[in-house]
Every structure is written in C-alpha cells, then in structure tokens.
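S.K.: Can you keep this structure in mind? I'll have questions shortly.
The values are calculated or read from the model by the stated rules, or taken from the named source; none is laboratory data. It should be emphasised that the depicted structure is a prediction, and the values quoted were computed from it without experimental measurement. When we count neighbours, we look across all protein chains shown, and the Cβ atoms used for this are built from the backbone with ideal geometry, even at glycine. Heads up: the accessible areas ignore ligands, DNA and RNA and are worked out on the full protein's heavy atoms, side chains in. Shrake-Rupley method; radii C 1.70, N 1.55, O 1.52, S 1.80 Å.
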Amino acid sequence: MSTTQVSVTARLTINTDDNRAPTKGTVVPGPAPIPRELKTHPTNPGGENATLTFVGTATTLLEWRGLRIMTDPNFLHAGDHVHLGPGVTAQRLTNPSVPIEQLPPIHLVLLSHYHEDHFDKLVEDRLRRDLPIISTPHAKHHLAEAQEKDEPFTAVTALDTWQAADIHAVGAAGEVNVNVIAMPGKHIPPGLAEMVNSKLGAGIPPTNGWMVELLGEGGKTYRIYISGDTLMVDDLKSIPEMFPHVDLMLIHLGGTSIPGPNLPLLMVTMDADQGIQLVHLINADVTIPIHYDDYDAFKSPLKDFQDLVTQAGLDKKVVYLNRGDQYAFKV
C-alpha cells in the first residue's frame, strides 16, 4: 500500500469574470478558439460541458464553466529557436494554432517546468505579470525572485511533488472548484542530473506532472493527468496507487534528445516505447498525445506511438489532435 500523502499548500481564488487579455498592453483579448476539428469520447460521447484545445508543443487550453487554464505556454513560430542550456538549442518546426496576441482571457497557467520550449522568451516578455501561475519551486525562483528580473511575475505558486493547490473560481458562469496536484516526473534518469548539467552543458530543470481534478456536481470528480516532460521512471508507479481512475491523460512524447539533433546523446522525454508503457500504467479512460513533433530535438515520431497503440488494441482509448483541434468532454 502506498504511503504517499497529498498535502494542500496553497489556496487560490480566481475571478472568471476577469476578461482582460493575458498579454501586457493588449486592450482587447482574442475570442474563444474555434476548433479546426471537434472530437469527443471515442465510445461514449454526449453531455459535453468542457473542452481541451491543442495549441502546439505542450500548450493547451482547458475550459470548464467559465474557467480557462493554459498549460506550458510556447508561442514561437516555425524557424524560431529556443535556448535549453549552454550550447543547447532547438529549432521550432511548427506554428501554434493561435498567436499569443490573439489569446482569449486566461485565468491560470500550469507550467510544468522552466524551459524555453514550455515558457519561451516571447511568453516571458509578453504575459501580464499578475497572471496566476502554478509551477515548480525552481520556476518560481526564476519568474518571481531572481535578481535579474526587472519585472517579476507577482502571482506564482510553487508546488513540489505531491503538494496541491485548491482553486475556487467564481464568476457569472457559477462557482467551480479545482484541485491541482504536482505529480512526480524526471527529465533524466535519477543520478545523472549532475553529470548531464556539468558534462553536456545542458541546463535540465526539475519538472512536475499535474493531476487536475475538476470537482463536478454530485461529488463527481473528473481527473486529468498531465505527464509533463518525464521519462518512464519508478516514481510514476505511485500515481495509479493514489489515483486508480483517471479520466483523461495528456502525455508528453517526442523522445526529446540532447544536446542537439545532430548529437542525440540522451533522451529527456518519453519516446513511443515509454509512452505506451505509461498508457498501460495510468490506464486512463482517454489519452491524448501532445509535445510530439514541434522541435527538431524531438526524435520519436507520433506514428511510432500510434503503431504501438494499435498493436496493443487501444485505438478506442486514444484521441489524436492536430494543432487547433479540440476535445470536448463531460465532467
């Protein structure tokens, strides 16, 4: 039996009637995204009252009863580069489905870790400083506390593994309650962090996954597990022990390799083989792969994962979204 305990370390109140643009100096926010293609549960559609829009990389927009949450904002365009550590760069190959200047109102950002392919320099420059962000202690230090920050973010909440934030959102659409719990994750195998950061010159930050619990009516809880950038490490085995039922999983794939595409010495996000292992471990009702082909450091094609899903007989439990597509679901 697991001895893991979840501790509530933060409580946030969010006004979902706050319709300001998420970017500084933008007077009018963009509209709610219109999906290029709308998808629903593969075998049990009906009653949808929430949506998840795939913007690109690990960036998604989760909307439920007036609350809009954005994950890992990355709004660079094809041809732009991100800096991932000393001498380590990657080039973006795709465009986000919506430019940062056309984002609708955002009420909360979930940032798995402080890396430019998840929180790029454009995002860091343009986002409003009072926008609520939940991330790692490492990210909070860089966003809100580092001495070089002339304009720090002022509403960053740090969660370490198994710590939780209780969120109460209130607005014209009603009141909703959401729990965000930091899940374990490891960019690199345990024991290699010091070697990688010192020998390869790669700045590999600590990372979180997330369990997002949407607390519906009648005591119903809809659970969304977001893997974050992690490998298939033993720490993940505690997740199904704590949460035996997960409704939706967003899995970060790509087989990201460092220090670069021409010298792929170390994989730091799941490839197809590890991804299908996580699908079996979490056994979510529906899985959506994200973070799979946006940068040239991604070495594991989505098709490899699709082939393994088909071989495992799980095609009815996986939904594939292109950038701009939306998945509608029932809480």
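S.K.: Give the residues of the range 187-215 that are modelled with pLDDT of 90 or more and either more than 19 Å from Ala10 (Cα to Cα) or part of a strand (DSSP E or B) (or both), sorted by residue number.
M.R.: Pro206, Gly209, Trp210, Met211, Val212, Glu213, Leu214, Leu215
S.K.: Would you pick out the residues in the range 100-125 that are touching a helix residue (DSSP H, G or I) at 6+ places or on another chain (Cβ under 6 Å) and open to solvent by 10 Å² or more (accessible area, probe 1.4 Å)?
M.R.: The answer is Tyr114, and nothing else.
S.K.: Which one of these is touching a residue at least 12 places away in the same chain (Cβ under 8 Å), surrounded by fewer than 17 Cβ atoms within 10 Å (Cβ to Cβ) and out of contact with any Lys or Arg (no Cβ under 9 Å at 6 or more places or on another chain): Glu37, Glu48, Glu63? If you could, list the steps in order and put the result at the bottom.
M.R.: Numbers: Glu48 fails: out of contact with any Lys or Arg (no Cβ under 9 Å at 6 or more places or on another chain); Glu63 fails: surrounded by fewer than 17 Cβ atoms within 10 Å (Cβ to Cβ).
Selected residue: Glu37, the only one of Glu37, Glu48, Glu63 that is touching a residue at least 12 places away in the same chain (Cβ under 8 Å), surrounded by fewer than 17 Cβ atoms within 10 Å (Cβ to Cβ) and out of contact with any Lys or Arg (no Cβ under 9 Å at 6 or more places or on another chain).
S.K.: Still on this model: Tell me, yes or no, whether the range 221-228 has at least one residue that is open to solvent by 10 Å² or more (accessible area, probe 1.4 Å), out of contact with any strand residue (DSSP E or B) (no Cβ under 8 Å at 6 or more places or on another chain) and either modelled with pLDDT of 95 or more or in a loop (DSSP other than H, G, I, E, B) (or both).
M.R.: So far as the range 221-228 goes, no, none of its residues is open to solvent by 10 Å² or more (accessible area, probe 1.4 Å), out of contact with any strand residue (DSSP E or B) (no Cβ under 8 Å at 6 or more places or on another chain) and either modelled with pLDDT of 95 or more or in a loop (DSSP other than H, G, I, E, B) (or both).
S.K.: For the range 137-179, give me each residue that is part of a loop (DSSP other than H, G, I, E, B) and of a type in the set (Gly, Ala, Ser).
M.R.: Selection gives Ala146, Ala155, Ala172, Ala173.
S.K.: Listed residues Phe75, Phe54; which is outside any loop (DSSP other than H, G, I, E, B) and of a type in the set (Phe, Trp, Tyr)?
M.R.: None of the others qualify; the one that does is Phe54.
S.K.: Just to check your reading of the model, which residue among Leu314, Leu248, Leu236, Leu281 is surrounded by fewer than 17 Cβ atoms within 10 Å (Cβ to Cβ) and under 23 Å from Ala164 (Cβ atoms)?
M.R.: The unique qualifying residue is Leu281.
S.K.: Then there is this: When you go through (1) at pLDDT below 95; (2) on the phi > 0 side of the Ramachandran plot; (3) among the acidic types (Asp, Glu) one by one for Asp72, which number turns out not to apply?
M.R.: (1)
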